[in-house]
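Following: one structure in structure tokens, then a few remarks.
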């Protein structure tokens, strides 16, 4: 009798595991494969429950099926909520260690509507067909019960919008050092060696390096339109600097004319005027700095990349506001 009871209990446990199961497992497996390729495959064996993740993806598909930017962004935010569940799912899973490293960042970006709109708007320019194909594929596959394929579609959207941002950045043993070196190079290139002392006050700078990454991607495309867009992203990076150094004695006087410089970089018309005018006098130098910035950044040489970008800032605008740096240091 005891043997039968034990067997029955085991059978019920097995049935519960199966009930949780294949639709959920296949969906999450698809998401991991679509987002992280081979890195995601190994983590599938660690799925314990996954129901809440599955439910969020189901809600996402409903929103995506409605179409329109508002509904698509809402659908993507549900994907963010689904992703948020996965670290708990894989917290004791050695096979998932690698893909979990950037997961907090990825999930938070998907849950921020403003950031999502920026990402969708920016990436749709380069990956529009792929994203549209994945959205329609996710809807069709989920509705037909092809859960793994639906998961792959959802995972590919995650990969296009955010995962490749973290995977394509040059790897470093210490990302904080990358940011510090980039900002130091930027300050030196734009304002000279006198600005170097301000780096000691840097607290975060992550937004700065993300904006510089976007600028580099634009520079790679070439042409006036893309270079101007890249310079605009540099303007957004510059906008972060006064916040970083607000309480920094070493930076006093450094940002006296900074609002003007940032405003110029963020104004496409002004940028085009500056670029067209300065290219006549500094064309070779600016082209060289743009190319060098690409090369250094992609090689993980962040301080030289920062100096290249700083040199562009100096040529286009810092020199135009006079010698205020020399006067104030």
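No lab work stands behind these numbers, since they all come straight from the coordinates. Every value quoted in this text rests on a predicted model; they were computed, and no experiment measured them. In this analysis, Cβ positions are derived from the backbone assuming ideal geometry, glycine residues included, and neighbour counts consider all displayed protein chains.
With the simple spin-label model, which puts each label point 7 Å out from Cα in the Cβ direction, the residue 69 to residue 133 separation comes to 2.5 nm. The modelled label-to-label distance between residue 291 and residue 194, using points 7 Å beyond Cα along the C-beta direction, is 3.3 nm.
Residue separation of residue 298 and residue 203 scaled by 0.36 nm, minus their Cα-Cα distance, works out to 31.8 nm of gained length. The order of the peptides 227-238, 193-204 by mean Cβ neighbours within 10 Å, most packed first, is 227-238, 193-204.
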